[in-house]
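> Sending over a structure as structure tokens; questions will come in a sec.
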Amino acid sequence: MPLLMVEVGVKYTIIRVCGSGNERRHLENLGFIAGEVIDIISKFNSYVLVNVRGSRVGLGRELAKKIIVC
Amino acid sequence: MKNRYTIFLLHLSIAIIAFICVTQVYALIQFHDASGAEAGGSTYSQFRFIQAVTFLLSAAAIAILFSREEINRGIKQKAYTDITGIMNKHACFEQMNILDCNESTANVGFAMFDLNNLKKVNDFYGHEEGDKLIQSFVVLLRQAADRKYFLGRFGGDEFIAIIENCTESIMEAFMERLRNSVQTFNEGCSIQLSYACGYAISTQEHYYLMDELLKEADKKMYEHKKKIKSKGLLETEQVSKILDLERRNPLEKDALTGMLNLDTFVSVVGSVLKNSVQNARYAIVCSDIYNFRYINDFCGHEEADNMLKRFSADLSNQSACLACCRIHSDNFAFLADMPQNSDEEGVDLIRQWNTEFSYMMSHNHNFDRLIVKSGIYFITDPNEPVQLMINNADCARKYTKATYQNIFVYSKDLSEAIRKRAEIIHSFQRGLEEKEFQVYVQPKVLCSDKSICGAEALIRWLRQDGNFIYPDEFIPVLEQTGDILDLDFYVYEKVFSYLHERYQAGKALIPISVNVSRIHLTKAGEFISYVQELQKRYPIPTSCIVFELTESAYIQEIDTAHLFIEQLRDLHYKVSMDDFGSGYSSLKSLQTMPFDEIKFDQTFLRESVEQKDHSLLVQLIQLVKKLNVTIVCEGVETSDNVNLLEQTECDVMQGYYYSKPFPLSKLDTCVME
């Protein structure tokens, strides 16, 4: 499912990152790479705050949609 | 959908509404005590007038806004609607964008459809029919779909359906409905509608974004399409209609069977090949009914004609048979749609038809042996001339008779063999006149003192263009055509004249053995008189000539062979049995064999070397020796062979170990040495 639909406080694994080339590159630079485990810290109004590779990253709606986790 | 007109309208309405606001505010400030002015003063009427104006203006503004919206919607509708009445590609992308902007695309189903063979329908029936086909598919799609489904035409013959809140079962039900309605449509329609479909549903477990859904559905659709094609369904349904016999006029048909005639068949095959999909696989098959003329003789022509009709009807009904024609009498050619995977499958398919037909025929007509023989030519290059393809298939068919097979697949080797055969047959007589044939001899050596005691005459054919044709290539062919007789006589004459020359010159004579073809057995009289004539022309001691008759020829016609040999021996010629042990001579016949010499086949030596066991050869030589004949062993190639033969009672050896065959003229020098 996309990152938008996750529950707070659960660990997820990234299955893939989609979107256009630029978006993907941007997300990969932030550390969103397939296989990575991420922590959902909080979620507010389709704004998601996650812990990825030890750093906190906030993602807006458009970007969060492009990350597919399970 | 922003064009100048709508932008202008938008601005105008905003300006009007703004103006209304300003007037209203002005009215409020100016006439805040207007309620007090009851007595119809000018202030009051002024106020009412302004109110009326504002009301009218705002009403106008609302009307303009509404109409603008209406126009806008109309334009949008037009822009997004395809000629078929469902959404077009823009709308599809728009819809996908809208769905993509939702929270998630989970539970969105995406189905894709593609019409098969639309191009062929366009080409064969015209674009009008093709458009009709698309229209009817859209109608069927709409019938099958719920009102909530988004339907769109994605490309020329590609359609999509987007279903929100979809599950597997909803999608399956949709597909089922579509399939059913297409089936009922096809039943009542001449042009068959067939489509490939694929769908993808985005779920929690398999989550797709919209463009991924599109890709996935597309992929599945193409898989489906491939599957349909490999089954051969797609081709047959459509092309058989294209090749519809009903559409042909009687002149283009065979009068008896109602199949196409050869010319039409050629053109039809050409057009099918031209219009077929890239990786379709076709074959031309030529079939005939084995020994059909006996049926003609036995049951009469009427019955035979019925049988031909039956055969052609049966053939036309085969699903993979696209077009068929009767070449002549019982020879049929047809274009078959072959499975793509392997040639064997195709061959099996045709074999199955043939057996089914034979079975049916023997059942209905009480013929036990009605065999259909087929030659198959797999079309590899669609641009080849069709006549050539048919010829190739026919060649393969003819070859079934020679090889006692019921099915023969054409190959490059076959055409090469046929070409070579034709070359041999057609250039033989000229070759004989131009003295392209040369007589070679291979000396025979006595076992005891290794001196030359004779020679075998062999034939070599060196073409004028320098090509060398091997005896084992041309002799079987010449035996079939009967030309071998001329060749044998040619050799005899050469040998007789050579020996005669030496005899005249007073030199020592070496016995030369010459081969006798089996065909001579049937024309023994001619043979004997020819030999007698030669003897008259070139008087030589008759013991100098040995006639070699092969074992197989002797065994096959043992009685005629006996007579033949007797006649030769009456003329005091020696007779030898060639290739002893290569055929089926029985031990019983050994006793009655009227031969002066027995030549062991070279396989004996080869096998005894290979298997390191010479007991059979040794025992056999012992046995044959008791018959009081000369024993010759062919194929002596190594010193081991020589050692082995020296231990036995073998009399004469012949082989490469002593000498290769050389021209007859060099025999002199060889003997001197």
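The values are calculated or read from the model by the stated rules, or taken from the named source; none is laboratory data. These figures come from a predicted structure and were not determined experimentally. Cβ placement follows ideal geometry from the backbone for every residue including glycine, while neighbour counts extend to all protein chains displayed. For accessibility, only protein heavy atoms count, side chains too; no ligands or nucleic acids. Shrake-Rupley method; radii C 1.70, N 1.55, O 1.52, S 1.80 Å.
> Among (1) touching an Asp or Glu at 6+ places or on another chain (Cβ under 9 Å); (2) within 14 Å of chain B (Cβ to nearest Cβ), where does residue A:20 come up short?
(1)
> Continuing with the same structure: Residue B:533 - would you say it is in contact (Cβ under 8 Å) with a residue 12 or more places away in the chain and either touching a Cys at 6+ places or on another chain (Cβ under 9 Å) or of a type outside the set (S, T, N, Q) (or both)?
Judged against the criteria, residue B:533 is not a match.
> Another question, if that's okay. Can you tell me which residue in the range A:28-70 is nearest to the other protein chains (Cβ to nearest Cβ), limited to those that are touching a residue at least 60 places away in the same chain (Cβ under 8 Å) and among the aliphatic types (A, V, I, L, M)?
A:68
> Kindly state which helices (runs of 4 or more DSSP H) lie completely within the range B:434-549 and contain at least 3 residues that are farther than 20 Å from residue B:578 by Cα.
In the range B:434-549, the matching helices (runs of 4 or more DSSP H) lie at B:484-505, B:524-537.
> Looking at B:550, B:522 in this structure, which one is among the polar types (S, T, N, Q) and open to solvent by less than 70 Å² (accessible area, probe 1.4 Å)?
B:550
> Output the residues belonging to the range B:251-265 that are open to solvent by 30 Å² or more (accessible area, probe 1.4 Å) and in a helix (DSSP H, G or I).
Scanning the range B:251-265 gives B:251, B:252, B:262, B:263.
> Looking at the range B:502-530, which of its residues are of a type in the set (Gly, Ala, Ser) and either closer than 24 Å to residue B:668 by Cβ or in contact (Cβ under 8 Å) with a residue 60 or more places away in the chain (or both)?
B:505, B:506, B:508, B:513
> Against the definition (polar (S, T, N, Q) and either closer than 25 Å to residue B:173 by Cβ or buried (at least 16 other Cβ atoms within 10 Å of the Cβ) (or both)), how does residue B:67 come out, yes or no?
No.
> Within the range B:176-202, how many residues turn out to be part of a loop (DSSP other than H, G, I, E, B) and open to solvent by 40 Å² or more (accessible area, probe 1.4 Å)?
Summing the residues that are part of a loop (DSSP other than H, G, I, E, B) and open to solvent by 40 Å² or more (accessible area, probe 1.4 Å) in the range B:176-202 gives 3.
So that you can scan it fast, the table gives a plain yes or no per residue for (1) touching a residue at least 40 places away in the same chain (Cβ under 8 Å); (2) farther than 14 Å from residue B:516 by Cα; (3) not charged (D, E, K, R):
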{"position": "B:544", "(1), (2), (3)": "yes, yes, yes"}
{"position": "B:548", "(1), (2), (3)": "yes, no, no"}
{"position": "B:557", "(1), (2), (3)": "no, no, no"}
{"position": "B:561", "(1), (2), (3)": "yes, no, yes"}
{"position": "B:564", "(1), (2), (3)": "yes, no, yes"}
{"position": "B:569", "(1), (2), (3)": "no, yes, no"}
{"position": "B:573", "(1), (2), (3)": "yes, no, yes"}
{"position": "B:578", "(1), (2), (3)": "yes, no, no"}
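> If you take the residues of the range B:297-317 that are assigned to a helix (DSSP H, G or I) and open to solvent by less than 40 Å² (accessible area, probe 1.4 Å), which of them is farthest from residue B:285 (Cα to Cα)?
Step by step, filter the range B:297-317, then rank; the result is B:304.
> Determine which member of the set B:151, B:56, B:133 is open to solvent by less than 40 Å² (accessible area, probe 1.4 Å), part of a helix (DSSP H, G or I), of a type in the set (A, V, I, L, M, F, W, C) and modelled with pLDDT of 80 or more.
Going through B:151, B:56, B:133 in turn, just one is open to solvent by less than 40 Å² (accessible area, probe 1.4 Å), part of a helix (DSSP H, G or I), of a type in the set (A, V, I, L, M, F, W, C) and modelled with pLDDT of 80 or more: B:133.
> Taking the range B:324-345, which residues are modelled with pLDDT of 80 or more, buried (at least 20 other Cβ atoms within 10 Å of the Cβ) and not aromatic (Phe, Trp, Tyr)?
Across the range B:324-345, the qualifying residues are B:324, B:325, B:326, B:330, B:333, B:335, B:336.
> Could you grab the pairs with beta carbons closer than 9 Å, sequence gap of 6+ or different chains, first residue in the range B:208-224 and farther than 11 Å from residue B:160 by Cα and away from every other protein chain (no Cβ under 12 Å), second one open to solvent by 60 Å² or more (accessible area, probe 1.4 Å) and at pLDDT below 85?
B:216/B:206
> State whether the residues of the range B:589-599 include one that is buried (at least 20 other Cβ atoms within 10 Å of the Cβ) and touching a Cys at 6+ places or on another chain (Cβ under 8 Å).
yes
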